[in-house]
Each structure stands twice: as C-alpha cells, then as structure tokens.
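Student: Got a structure here, written out as structure tokens. Questions coming.
The values are calculated or read from the model by the stated rules, or taken from the named source; none is laboratory data. None of these values were measured; they are calculated from a predicted model. We place every Cβ from the backbone using ideal geometry, glycine too, and count neighbours over all the protein chains shown. Only protein heavy atoms, including side chains, enter the accessible area calculation; ligands, DNA and RNA are left aside. Shrake-Rupley method; radii C 1.70, N 1.55, O 1.52, S 1.80 Å.
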Amino acid sequence: MRALKNVLTIIATLGVAGCAAPIAHEADLQRGIPTPVRALLVVVDDRLLGQARYFSDGREFTRALGTALRDDAGTDIPVTWLPINNALEARQLPGALLSSHATQMMTVTAVRVHTNNRGEANAIWRLTVADVHAIPIPDPNDPLKHGTRVTEHLFYRTTVEAPIHQNVLDSMTDGMDKNAQEMAAAINDRLQQDHVLTPDHSPAPDDAVAAPTTPTHRAPLPGTESL
C-alpha cells in the first residue's frame, strides 16, 4: 500500500512540474494595416526536432500544432497546412502554395530544442507571416512539366518559447496535444494583437502557365537555402 502511495505521489509530482506556459514574444511588424487574406498556408517545420537527442515525438507535436493553427485561423479564411519533417517534404512547398491559392504564408520553424535524459523537451520557434504569390512556369525542355515561381514579402516576425514534452505522462496521455494547442493559442493571441487575419473574398486568379521565356525558379523555404 505504501509503495502504491509513493508511485501515485511521484506521478502527481510529474504532472505538476514543468507546467510552463508558451510565451510569444513581441513581434517585429513592418505593416500598419492588415492585408486581406484570400487563402492562408500554414507551414510547420520541425526538422530540428528529429535531430534532438532523447526526443522522438516531434511528428505528433507537429500534427497537433498544425491542426490547432488551422482551426484557430477561423472559418472565413481557407487554410491549408503543410508539415515539413525532412528535405523531401520541403520541396512540396512551392506546389502547396500554388494549389492552395495562398496569398499569405505563416511559417513556424523550430530553431532551438532543449532536451534531457528524462524525455523533457522545450523549443524556441520562429514565427513569420509573409505575403506570397505563386505562378506556374514551364519547363523549356518538357512542355508537360512546370516549375513554380514564388514571390514572398516577409512583414511579420517573432519567436515563441513553448514546452513540447514536459514529463513521462505526456506520452501516456494527451499531454503533447495539449502543449501544442496551448502554443497555437499563444500564437493566435499574439496575432490578434498585432496582425488580425482579415478575409479577402475575391476569386483566385487563373493558374495559366507563364510565358516560356520565364526562367524556372523554386522558392526558398524561410530559414533554409534555395531548393
């Protein structure tokens, strides 16, 4: 009986310890009036989590975070979200911008991860919002193929500190989902203060292929080299 009591005490302690709330820092905003958004692409780049020692649950956290960010954007703006866990998935970015008709892109990128041998993990994420415009351009060597030209104007940048995996109970319960939802809520609250997402109900432009004289170019992922 005493052993059971000790186990319950340890579990209760683990459940209380380390309950740090996400912090979204003051943003660098280079725009006074929010630009209407016809469609939004949310990109969650968690490639750094896969490299973190003692931590292998990055994909689960990313899935919950991307879903929460998509849901928090509201129903008036079409939202597509793209998880990026490796270089191959990063190459899907230009195509996702094109197919989603996105006019703005929100990118959440893990830039620093701290883990320990107890499985606890905390991360610092870079949050950016940019105006984007994607058009298809032909492959001069194959008329059936095309690349994508993306123009991007970054106007919002901040960092978010958030726990990912706080204790052993997170793996046995919905703790990681809760952590991701709280981080998404902190991002949404920060954006509500700085840059409210305003819907633009104008129709999407025609996706006609550009003139063959246009050189092929694929947009670089923020924080990485050109793909």
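Student: Tally time: how many residues in region 91-124 are under 17 Å from GLY66 (Cβ atoms), assigned to a strand (DSSP E or B) and without any contact (Cβ under 8 Å) to a residue 40 or more places away in the chain?
Tutor: 0
Student: With respect to PRO138, determine if the residue is in a helix (DSSP H, G or I) and open to solvent by less than 40 Å² (accessible area, probe 1.4 Å).
Tutor: no
Student: Let me ask something else about it. How many of the residues making up region 58-84 are under 11 Å from the mean Cα position of the chain (by Cα) and in a loop (DSSP other than H, G, I, E, B)?
Tutor: 0
Student: Here are some conditions: (1) open to solvent by less than 40 Å² (accessible area, probe 1.4 Å); (2) under 21 Å from THR128 (Cβ atoms); (3) modelled with pLDDT of 75 or more. LEU221 meets all but one. Which one does it not meet?
Tutor: (3)
Student: Return the pair list, or none, for Cβ contacts closer than 6 Å from residues in region 53-82 that are more than 17 Å from GLN104 (Cβ to Cβ) to residues that are surrounded by fewer than 16 Cβ atoms within 10 Å (Cβ to Cβ) and modelled with pLDDT under 85, at least 6 apart or on different chains.
Tutor: Partner pairs satisfying both residue conditions: TYR54/ASN117; GLY58/GLY50.
Student: Specify the residue that is nearest to ASP189 (Cα to Cα); the eligible residues are those in region 64-78 that are open to solvent by 30 Å² or more (accessible area, probe 1.4 Å) and modelled with pLDDT of 90 or more.
Tutor: THR67
Student: For region 93-122, which positions are under 16 Å from the mean Cα position of the chain (by Cα), over 21 Å from PHE155 (Cβ atoms) and modelled with pLDDT of 90 or more?
Tutor: Within region 93-122, ALA110, ARG112 meet the criteria.
Student: Just one of the numbered conditions (1) modelled with pLDDT of 90 or more; (2) open to solvent by 40 Å² or more (accessible area, probe 1.4 Å); (3) in contact with a Phe, Trp or Tyr (Cβ under 8 Å, 6 or more places away or on another chain) is not true of THR128; which one?
Tutor: The number of the failed condition is (2).
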